[in-house]
Every structure is written in structure tokens, then in C-alpha cells.
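One structure below.
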There are 2 protein chains.
Amino acid sequence: MQVAETRKEQIYSVSSKLFREKGYSATSMRSLAEQIGIEAASIYSHISSKEQILNDICFSMADAFFAAVRQAIVENENVADKLRAMMTAHIYVIINNIDKAAVFFHDWRHLSEEAKSKFTSLRAEYEYIYRKVISEGKEQGIFKQLNEKFVTLTLFSTLNWTYEWYKPGITQLNAEEMVSELTNIFFNGIVIN
Amino acid sequence: MQVAETRKEQIYSVSSKLFREKGYSATSMRSLAEQIGIEAASIYSHISSKEQILNDICFSMADAFFAAVRQAIVENENVADKLRAMMTAHIYVIINNIDKAAVFFHDWRHLSEEAKSKFTSLRAEYEYIYRKVISEGKEQGIFKQLNEKFVTLTLFSTLNWTYEWYKPGITQLNAEEMVSELTNIFFNGIVIN
DNA sequence: CCTACCGATCGGTAGG
DNA sequence: CCTACCGATCGGTAGG
């Protein structure tokens, strides 16, 4: 059941789609207006600037990632389960907001200096949550004694690349199976010992 | 020993740096000229258009990736060694051309339609080379019977994310150690069995 | 939500 | 490699 979008919501969803396709800078307010079916000047009765759209997209995604990871943490005791649940939650946030996620990963560079530094510090905070869980797993003898930085980097690269190739309905596997494939590779590797 | 850059080479290296920082669309020919120390109009005695710069960056990187992977293949017999060498070669291409690599991964979207379809088909061809090696490893009982698509996806996401965080001189590990960490995670996973 | 419009900046060319 | 300049387009505002 599709709930009718308000004009403001429509501005965000159409922006996300265009920003994803063309990039933030190459998307004009006129092309946005055209897609919506109004004049460019009319957009400004709903939002204050082009940058505000980008801002709202980036920080609402950040909120979604934090909310998802917090829930995954409280719902799990065992470290491996916890990390798996965190990864699952992260991937779900991406595939449920695929255009916004692409903008989030691509276009945060175009935020104002102030917003950008807030953004990068939120991201560092988020990564730290994962890093703590990995380090907890190492202490408990569940995870190998690997360089934490590279484990985190590999983890996020795998998770975050999802937006590049995931296409709802096109990928044969559903989200659950997809997550299980990815975590399996990350947890156990591809080589038979 | 630094070899003096020709003006044309300088245009490419400064462009790569600016495209990486600001993105292709948000980089003006005037800011490029300013960085070089000439007038914007003077750039056009060395190159024909802004898009040609992007084109050359993207396709010279594609050439470098193909050359690297071909060498890795002929120099190795054993499948696991071969894949490891391919990954190493891939990462070296990235870290030796870090700005160009960032442009390659980010800004190919802004190529003309014609160049873009050539680009994506080259990329598919490249990925197929990896996929064949993975499938060879599965047949030989060296690699697990995992979904090949996800193995390739995880592999490239790990490799290609490198440009995001690698900073020459800043990352504590050298390239060789870095590659060994990443392949170790990908081959054997992070969990102790 | 529209018409009418602003100053700024864009990629690029002509001609030297 | 520069000066001088072009038409097009940009984000955004005033006023209704």
C-alpha cells in the first residue's frame, strides 16, 4: 500500500534519484523541478536551498544507521551474533533507501565545511562502535588476532559497496540470503583449509 | 628522482587531484587553470575539452588494470597464488595512481554515453577475468562452493575501497603488508573455528 | 505555485 | 599562452 507523498517528501525522493544518477553538482534545480512537474522557483517554498536537501539526505541516513546499529547491539549477547546483526541492519538501511544511500556515500563531499566536519565525526563514531565489537570478539577468542583497522576497513567496504550493485527485484537472492552470503565470506573466508 | 612534467602531464595530474577533491562537475576549467598558473583559455591548446581529460584518466586507468592483471596471471600457476597476485597488482595500480583511481571509481558516470558504455563493458570484461579464476579454484577444490557473484562483489569492494582511505606515508603498513592483511581476511575470514 | 528576473559562473572560441 | 568575449545555464529572490 503506497502512502501519498507530500510535495516535500517528493522533493527529497526525486532529488535522491537525480543526485544518485548525475551527482549533486551536476543536478540542477531546474531539472529537479521538471521531474516534479513544477517551476524551479516553486521548489523554494518547500526547502531553503539545494544544499539543505543534501544536508537532510546525509544526516537522515546517518540517523538511520545509528538507530539500526543500536538496536542490533541491544538485541544480541554473543559477539559473533551481534556483529552479524549489525551487518544485517546496516545492509537493510542501505537497500531500503538505495538512492539516498548512494548520495550518502558519494556526495557528502559537497556539504558545507561545517556540515562536512560534523558528518565525518559521526562516521568516525559509527565506525568506532564496530571496532569495539571486533575488539571484544578478539578478547573473547572468537575473532582472530588481525589488524583491527583492516578488519574494519574490509568490513565497511563490503557493506558499503552494496549500494553500487544492489537492485531491488533484479538480484536473485533476497536481502536475507544476500546478507548471509556476505557475512559468511567475511567470517570464514573463501579458502578451504 | 623527479622527472619534470610537461604541461600536458601537469594538466592531467592537477585535474585528477581537483576531480578527486571536488568531483568532475564541480571542478571548473578556471580553477584548474588557476592551480596550474595559466589562463583558462590556455588549457585548450593542450587538450580539446574538459571531457577529454576525464576520458583519458578513466581509460588510462583501465589500461593499467588490464596490464597488471595479465602479468599476474602469466606469472603464476597455482590458483590461490594467482588470485593473490592479481589482488596485489590491482591494489598497486590504485595506490600508485591514487587520485586518478578515485576519479576512475567516482566520475566515470560523467563520461559521454558512448564512452560510458565502452567503460562499463571493459569493466565487465575485467571482472570476468577474476570470476574465471575463482571458478577455477572452486573446480580444483581450493575455494569453497560459494556464490560466485558475491565472492567477486566482496573481492572488488574490498580492493576498490582502498582509494578511499589509503594515504601514502600515513598508513603505517607498507603496500605489501597491507595487501597481505586484506588477502588474509578475504581468504580465511576473521572467525576462529 | 507562477512570472519575471538577478548576478555569477560555466565551457569554450576567435584572433593574435 | 593571453585578452576579450560568447551564449548558456546556474542557484536563488521579489512580488504576487
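A short reminder: the numbers here are calculations on the coordinates, not readings from a lab. Treat the numbers as computed from the prediction; the structure is a model and nothing was measured. Heads up, the Cβs are rebuilt from the backbone with ideal geometry, glycines too, and the neighbour counts pull from every protein chain shown.
Details
- Compactness of the protein assembly as shown, taken as the C-alpha radius of gyration over 2.2 N^0.38 Å, stands at 1.04.
- P(r) tail fraction, segment B:76-193 - alpha-carbon pairs more than 21 Å apart, %: 44
- For segment A:48-81, the set of GluC sites (Glu not before Pro) satisfying both a DSSP loop assignment and a count of at most 15 other C-beta atoms within 10 Å is given as A:75, A:77.
- Partner chain coverage, peptide B:19-32 - average Cβ within 10 angstrom: 2
- 3J(HN,Hα) along segment A:153-164: 4, 5, 4, 5, 5, 5, 5, 7, 6, 3, 4, 6 Hz, from the Karplus curve 6.51 cos²θ - 1.76 cosθ + 1.60 with θ = phi - 60°, whole Hz, x for Gly and Pro.
- Build a GNM of chain A with springs between Cα atoms under 10 Å apart, and of A:44, A:126, A:163 the one that fluctuates most is A:44.
- Per residue of peptide A:177-183, the mean number of Cβ atoms on other chains within 10 Å of the residue Cβ is 3.
- For chain A, averaging the sequence separation of C-alpha pairs within contact (under 8 Å, six or more residues apart) and dividing by the residue count gives a relative contact order of 22 percent.
- Where Cα atoms sit under 26 Å apart: lysine pairs in segment B:99-193 separated by 8 or more or lying on different chains: 10
- By the beta-carbon count within 10 Å of each Cβ, the least crowded to most crowded order of A:165, B:108, fewest first, is A:165, B:108.
- Altogether, the Stokes-Einstein calculation at 4 °C and 1.567 mPa s, with the Kirkwood radius of segment A:60-136 over Cα pairs as Rh, returns a diffusion coefficient of 98 µm²/s.
- In terms of overall dimensions, segment A:150-193 has a Cα radius of gyration and Dmax of 11.6, 35 angstrom.
- A full extension of the chain between residue A:78 and residue A:39 corresponds to an added length of 8.6 nm, given 0.36 nm per residue minus the alpha carbon distance.
- Taken over the alpha carbons of segment A:14-150 as equal point scatterers, the Debye sum produces base-10 log I(q)/I(0) values at 0.09, 0.10, 0.12, 0.18 Å⁻¹ of -0.36, -0.43, -0.58, -1.00.
- Distances, shortest first, from the label point of residue B:78 to those at the same position in the other copies read 3.4 nm; the point lies 7 Å along Cα to C-beta.
- Averaged over the residues of peptide B:144-155, the number of Cβ atoms from other protein chains lying within 10 Å of each residue's Cβ is 6.
- Label point distance in nm, residue B:70-residue A:9, each placed 7 Å from Cα along Cα→Cβ: 5.4
- Between residue B:22 and residue B:142, full extension at 0.36 nm per residue minus the direct alpha carbon distance yields a gain of 38.8 nm.
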